[in-house]
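The values are calculated or read from the model by the stated rules, or taken from the named source; none is laboratory data. All values reported here derive from a predicted model rather than from experimental measurement. Cβ sites come from the backbone with ideal geometry, for glycine too, and all protein chains shown count toward neighbours.
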Amino acid sequence: MKRNAAGIPENISIKEAIQLLERSNYDSGFIIDADGRYHGTASASDLRRLLISGVSETDPVSAQPYHHQYAVRQADLGSEEVVRNVLSDLTLHGVEHIPVLDKDGRIVDVFTLEDLEHASASSTGVGANRGRLKRVLIVGGAGYLGSVLTAQLLTRGYTVRILDSFLYGRRSLEQMPRTPMLEIIEGDLRNIHTCVSALDGVHAVVLLAAIVGDPASRLRPKETIETNVIAAQALAMACKHQCINRFLYASTCSVYGLGNTLLDENSDLRPVSLYARTKIASEQAILSMGDGYFAPTILRMGTLYGCSPRMRFDLVVNTMTMHAFSEGKIRVFGGTQWRPLLSVNDAAESYVQCLEADLADVGNQVFNIGSDEQNYQIESIAQIIAEALNGVKVEHDDKSLDVRDYRVSFRKASDILGFQASDTVGAASKAIYTCLAQGIIPDPTQKIYYNHFFDVMEE
Ligand SMILES: NC(=O)c1ccc[n+]([C@@H]2O[C@H](COP(=O)([O-])OP(=O)(O)OC[C@H]3O[C@@H](n4cnc5c(N)ncnc54)[C@H](O)[C@@H]3O)[C@@H](O)[C@H]2O)c1
């Protein structure tokens, strides 16, 4: 029954207490004075609520009357009535652990509800809510990557809260499990009130929502700047204010734009679109907010491919596969441009790894996410898909409207996160083809599968 400490010294600041809880992997802790006496229980969410109510992050934890008194005296453990009252109070407030105090108010043990029920013999130790599963807010969680990441986090026992304006409808939600572990908020990232409310009780934020892709951004520049630049930075600022220190920002290898060498995180950025420029602007602004507490991580992903509950057919592998299915041929425009690819499943896995990594390793860092082996020329992508789909014809057109051309090194993510892509283009293209052939996606020409039609609702 002895557990490790999540004691919060009463003289540390609210900000330091949140960080202490994050580092110790406890959701709540017991506030103790210099003599080890218990003064109350406070969760990281309780502390964050104080910040949003205007209390200074530098105030000592002890200066606030928020912490709950949930404790039982060692001497009372024998009294059935006292234990029953304590138990009903704990159940009412959703508290899972309770300190057992000696006659001087010092913590001598920590009981779970079950321990209390049995009111068994005690040993020494201090602790609280070890390993409690965390709540992650995914802004844009109904999208192509978001819906896959949501499923992966739920499988791993996280509570996931999605904030999404459903630009491409709600179909992706239909494939998600109905469980209290999944919370859905329909709302716009550009509404700061909605965002701040969505942050209540969350431990980490993943920002995926954006106007995504060069064509969509070109067609809707105002919405792109509002969403990708202004709203993205406002959300990061709101997180920093509330000491939600783990903030993952979805960026793209498109920020490199053009390059003749293998580009790493320190290479020059040569964006060739408004979309890439907005991503760079937010990367820089969000990183500049970082300090020892707020520690954002920027994930520059390669171009994604594969099946998702919110399917996109405007991504190179998915488009080629769709054409192979509907027209019996693949069209290649240009063909010599280099592009790093990454499956949507592998991309989601990299976010899980970042959420679970030590913040000191991933905070205030930029990672290219992909694999060195999946830097392809467009021509080779067509060949791989044609081969996977039993020799579909490939047609060439010299004209290419997409001038992006870059190869990227993914060594840093491999070294620090241990990230390795496991899916392949050939296997993913077969899986997409099967989905189309079986009618799981009945009409891939529908506008909801193409981001540049985002203002056209069609369900
Ligand atoms: N798909 C790729 O190839 C790729 C590659 C690199 C980086 N990324 C980045 O990954 C992220 C996710 O991309 P995706 O392919 O899943 O895109 P997506 O368009 O499928 O998903 C974006 C989601 O954000 C939501 N959204 C957009 N504006 C919103 C707003 N104002 N408020 C609330 N929700 C809003 C949309 O409804 C959608 O569900 C993006 O930030 C994108 O830049 C994607």
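Overview of values
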| quantity | calculated |
| --- | --- |
| Subset of the range 193-207 that is without any contact (Cβ under 8 Å) to a residue 40 or more places away in the chain and away from the ligand (no atom under 12 Å from the Cβ) - its residue that is surrounded by the fewest Cβ atoms within 10 Å (Cβ to Cβ) | His193 |
| Strands (runs of 3 or more DSSP E) lying entirely in the range 239-318 (those with 1 or more residues that are near the ligand (Cβ under 9 Å from one of its atoms) and assigned by TED's automatic domain parsing to the domain that holds Thr424) | 246-252, 297-301, 303-305 |
| Residue list for the range 388-414, restricted to those being more than 37 Å from the chain's Cα centre (by Cα), closer than 13 Å to Ile378 by Cβ and at pLDDT below 90 | His396, Asp397, Asp398, Lys399 |
| Every residue from the range 290-311 that is crowded, with 18+ Cβ neighbours inside 10 Å and either without any contact (Cβ under 8 Å) to a residue 24 or more places away in the chain or within 18 Å of Val362 (Cα to Cα) (or both) | Gly290, Phe294, Ala295, Pro296, Thr297, Ile298, Leu299, Arg300, Met301 |
| Search result, residues across the range 208-238 that are part of a helix (DSSP H, G or I) and within 9 Å of the ligand (Cβ to nearest atom) | Ala216, Glu223, Glu226, Thr227, Asn228, Ala231, Ala232 |
| Criterion (surrounded by 13 or more Cβ atoms within 10 Å (Cβ to Cβ), of a type outside the set (A, V, I, L, M, F, W, C) and in contact with a Lys or Arg (Cβ under 8 Å, 6 or more places away or on another chain)) met by exactly one of Tyr406, Tyr433 | Tyr406 |
| Selection status of Ser172, buried (at least 18 other Cβ atoms within 10 Å of the Cβ) and either among the hydroxyl-bearing types (Ser, Thr, Tyr) or in contact with a Gly (Cβ under 7 Å, 6 or more places away or on another chain) (or both) | yes |
| Of all residues making up the range 149-160, the number that are touching a residue at least 12 places away in the same chain (Cβ under 8 Å) and either farther than 18 Å from Gly201 by Cβ or within 13 Å of the ligand (Cβ to nearest atom) (or both) | 5 |
